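Following: one structure in structure tokens, then a few remarks.
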Amino acid sequence: MDTLAPAPTLRPPSAPAAASSAPGSGPAPAAETLIEIDHVDFFYGAVQALHDISLSIQDKKVTAFIGPSGCGKSTLLRCFNRMNDLIDGTRIAKGSIKIRGIDIHRPDVDVIELRKRVGMVFQKSNPFPKSIYENITYGLKLQGVSNKARLDEVVEKSLRGAALWEEVKDRLHTSGLGLSGGQQQRLCIARAIAVEPEIILMDEPCSALDPVATAKVEELIQTLRTRFTIVIVTHNMQQAARCSDKTAFFYMGKLIEYADTRNIFMNPANPQTEAYVSGRFG
Amino acid sequence: MASSAPADDTHFIAYKGSFRLFGLTLDDCIRVFFGGNAVVSIIVLALITYFLFREGSGFFGQNRDNLTVYRHAGLEYVDFIRTQQDDHAALTRYLSDLRVRQFTHYTMEKGLSLAQANAALASFDDFAGQYGDTVEPIRTLVSDLTEQATAIKEKFTVMEDKKVERTQLLAAGKEAEAAAVRIVPIDFVVELKPILGTLPAYREASAEFAKRLTAVLADAPAMPARELQTRMERFQQLNAEYMAGFPAVTRNLETWDYNKPVPVTQAFSSFLFGRQWLTASFWQDWYGVIPLVVGSIMVSLVALIIAVPLGVGSAIYINQIATPLEQKFIKPCIEFISAIPSVVLGFFGIAVLGQALRALSQVSWLSWVPGFPYSERLNILTAGCLLALIAVPTIFTLAEDALNNVPRAFKEASFALGATRLQTIIRIIVPASLSGIISAVLLGLGRVIGETMVVLLCAGNRIAIPDFTAGLAVITQPVHTMTGIIAQEMGEVVHGSIHYRALFVVGMLLFFLSLAINYAAQRIVRRYRISIG
């Protein structure tokens, strides 16, 4: 674990806050496994996108989903905060997804509460057409926080956490759309961490960014891993190799292999994985 | 090799150029066809504008002549006194209103029978009668003067007609007949002498009038209730103000000069700011556009107040909340409204909506609504409700487009942060599409303000500025509108007359108003596209 943690960007109070939720929520093994995916079949209308997926994602680790386009990795990711609910005709036909032991697709689960705990960063940076400040405080204001001092504090903390503070501290009240692509993506990350989720889902966060901006986001992921559980979907295998602890390889809606990142890239067990990571297809 | 290549080229060119129409290739023809279509619409627009200006521009000159005659013939002079009389009539109406209130008080609250109530009001009626009679000296004077001034104006009109006749004869080359048309120039000084000579008589009448008023008002009867007493005091106060204005009237009469030229600006200002639209009057025609503008604005305002929530609300529902099945059903339904001919809507307004609204206004537990109950079936409210129906499809369709243009990513980001659907709509979707929605509303306004048939049929067509002192109840009064007046009067005016031209100027005003609204809407939309990026 070679975290490049720039000391001032991570302020001490956040670490206990994130950690405090862990002990109370179950026996010791549960702290290890945060998300438990159990034999999941997923359909878009009549088209089956996921076939019998089972895997467990560990707490405070970075898990990467790789695989060719259309393999179902984004679909699975979007199951974790039930974003697929927004698409008509989607359903989980079989299996369950549990976060800290709770089946998130049970009818009595509050989706709003779930999404507060499972943040998301999208492929295309999507700051709201509002000021930087309003972008960050949006989630908190939804929860009814209106104390100015508290909001100011969270804005600074989140922007520092997303390594954006120094760049934007003098123009917090200008539009978020005025930032560069990489800055916009980091703003979106800051917006996601402002509500203190436990899990951050990243859906190809760097695919629209240039190499320099990508490097910055990757660096950021390294600093965030101590506080959050991160699941990242990526097309870029070097990226998966660089930032993740565990990697899952998907192909045609099936989970082909799931193991420590080093193993996936150095000595994959499955020949398909081997072919993909060595660049022979995909 | 060098020789074979050009041979191929010439073959190619010859093939392409084989079709020619008036020396134009196929490509040129296509260009001319489509370019021509675009040019035609521009030419038509230019012609319409030019025509409006040509027909309308003559109005202001004619209006000035109209005002000059008004002054020369002494009508203006007489109007000073007439206004005094009219103000008295207005005060008399205040008294009759007060009588109705007292009557209601006696019958409803005191529970008296009709006969008893009338008996109780006997002293008040006596007072009102005396008050009405006080104006007698002035009234006699005015009716004499009115006849004289009208006679002078008539003479002038006849002379003008003869002038026109002679010009026409001369133009036709009939010199002898033209010479036979005798024109006697009018000496206004001589003609006006009898009118101006009544000044001492006026002074006397005015003094007498003031004396009688004071005497009558001194023993005004006491009112049976506190609220009514306040009204009576208000009446006394109005009278005091009224009488304080008498010396000013006398002064106006003394300093009046028939020969004072009418300033050019007055030809414009009397149109733009004139509070009276009075045509084919025995006395004096006024072309003041304010009652019509106010009518149009009031009706449009009511329409927008109803249509904006309906249109924008249903757009939000369809775009953000409805299931595909609902979308499939509701969207065509709303868009279908715009297919209803407006005359049918107007007919519906007269036959059904006007009746229904009036019946509703007379329901007793709704009497707290301002203006309820009312008796005019056709009024601002009726017309506004129907116009709202016309504006809803426009606002709905454009607002839905605007909502559609909000990137899906905003919505997803908001949901991912734990927002509910309502929070997402209110905090993200609507603000992001706000300029589009505003321009939708503006275009709806443009649609409503230009609508003719519905307002002509349902607005009540009373040419007067509604009484704004009634507060919100103003919407239960009838009005006339700019579009309505053109449709109603254009058919029966003499071509080229001042009235005809006045209608064209109203048309011009309408044209510019619509132009301004559309321009504003386009500007807003353009800014909106940039802001979304």
Against the longest principal axis of chain B, how steep is helix B:136-171, in degrees 0 to 90 to the nearest 10, with axes from Cα atoms? 50 degrees
Neighbourhood net charge (11 Å Cβ-Cβ; Lys/Arg +1, Asp/Glu -1) for B:Tyr500: -2
FRET efficiency for A:Lys124 and B:Phe336 from the Cβ-Cβ distance with R0 = 51 Å, rounded to 0.05, comes out at 0.85
Calculated Rg and Dmax of segment B:63-270 using C-alpha coordinates, Å: 24.4, 82
How much net charge surrounds A:Gly119 when only other residues with a Cβ under 11 Å from its Cβ are counted (Lys, Arg +1; Asp, Glu -1)? +2
Between B:Asp97 and A:Met266, how many nm apart are label points set 7 Å from Cα along the C-beta direction? 9.6 nm
What are the extents of the Cα atoms of segment A:101-245 along their three principal axes, in Å, largest first? 44, 43, 26
Roughly how many Å is it from the Cα centre of segment B:17-87 to that of segment A:241-268, as a whole number? 76 Å
What's the center-to-center distance, using Cα atoms, between segment B:161-216 and segment B:387-448 in Å? 64 Å
Expressed in nm to one decimal, what extension gain is obtained for the pair B:Ala38 and B:Thr469 from 0.36 nm per residue of sequence separation less their Cα-Cα distance? 150.1 nm
Per residue, how much accessible area does the protein assembly as shown show when a 1.4 Å probe rolls over the protein heavy atoms, in square angstrom? 50 Å²
With θ set to phi - 60° and the Karplus curve 6.51 cos²θ - 1.76 cosθ + 1.60, what are the ³J(HN,Hα) couplings of segment B:509-523 in order, to the nearest whole Hz, using x for Gly and Pro? 4, 4, 4, 5, 4, 5, 4, 5, 5, 5, 4, 4, 4, 5, 4
Count the net charge of all other residues whose Cβ sits under 10 Å from the Cβ of A:Asp59, scoring Lys and Arg as +1 and Asp and Glu as -1. +1
Which of the residue pairs A:Lys61/A:Lys124; A:Lys61/B:Lys411; B:Lys153/B:Lys211 have a Cα-Cα distance greater than 27 Å in the structure shown? A:Lys61/B:Lys411; B:Lys153/B:Lys211
Along each of the three principal axes of the Cα atoms of segment B:295-527, give the extent in whole Å, ordering the values from largest to smallest. 67, 48, 34
Exercise: per-residue mean of other protein chain Cβ atoms within 10 Å, A:122-128: 4
Given R₀ = 41 Å, FRET efficiency for B:Ala487-B:Glu160 by Cβ-Cβ distance, to 0.05? 0.90
Comparing A:Gln183, A:Gln238, A:Gln272, which has the greatest mean-square fluctuation in the GNM of chain A with Cα pairs linked when under 10 Å apart? A:Gln238
Work out the FRET efficiency for B:Ile297 and A:Val212 from their Cβ-Cβ distance, taking R0 = 56 Å, and round it to the nearest 0.05. 0.45
Ranked highest first by average number of other Cβ atoms within 10 Å, how do B:492-500, B:306-314 line up? B:306-314, B:492-500
Please report how far the C-alpha centroid of segment B:95-159 lies from that of segment B:276-300, rounded to the nearest whole angstrom. 26 Å
Buried accessible area for the A:B pair, summed, 1.4 Å probe, in Å² rounded to 100? 1900 Å²
Before anything else, pin down the relative contact order of segment A:29-138: Cα pairs under 8 Å, at least 6 apart, normalised by residue count, whole percent. 30 percent
Debye calc, one equal point scatterer per Cα of segment B:286-366, no solvent, log10 I(q)/I(0) at q = 0.14, 0.15, 0.21, 0.22 1/Å comes to -0.78, -0.86, -1.13, -1.14
DSSP bridge orientation in the protein assembly as shown - percent antiparallel, rounded to nearest 5: 60 percent
If one puts a single equal scatterer on every Cα of segment B:169-260 and applies the Debye formula without solvent, what log₁₀ I(q)/I(0) results at q = 0.13, 0.15, 0.24 Å⁻¹? -0.69, -0.79, -1.18
Apply the Debye scattering formula to chain B, with a single equal point scatterer on each alpha-carbon and no solvent, then give log10 I(q)/I(0) at q = 0.06, 0.11, 0.12, 0.13 Å⁻¹. -0.50, -1.18, -1.26, -1.33
Over segment B:266-373, calculate the relative contact order: mean separation of alpha carbon pairs under 8 Å at least 6 apart, over the residue count, as a percent. 11 percent
In nm², what is the average projected area of the convex hull enclosing the Cα atoms of chain A? 15.1 nm²
If each DSSP helix of 4+ residues adds -39,500 (n - 2.57) and the sum is divided by the residues in chain B, what number results at 222 nm, nearest 500 deg cm²/dmol? -23500 deg cm²/dmol
Relative contact order %, segment B:63-270, counting alpha carbon pairs below 8 Å whose residues are six or more apart: 38 percent
Could you give me D for the protein assembly as shown, from Stokes-Einstein at 4 °C and 1.567 mPa s, where the hydrodynamic radius is the Kirkwood radius over C-alpha pairs? Units µm² s⁻¹, please. 37 µm²/s
Percent accessible area from carbon and sulfur atoms, the protein assembly as shown, protein chains only, probe 1.4 Å: 61 percent
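The values are calculated or read from the model by the stated rules, or taken from the named source; none is laboratory data. Computed from a prediction, not measured in an experiment: that's the story for all the values here. Every residue, glycine among them, receives a Cβ derived from its backbone with ideal geometry; neighbour counts consider all protein chains shown. The protein model used for the area step is the full one, side chains on, heavy atoms only, and it has no ligands, DNA or RNA in it. Shrake-Rupley method; radii C 1.70, N 1.55, O 1.52, S 1.80 Å.
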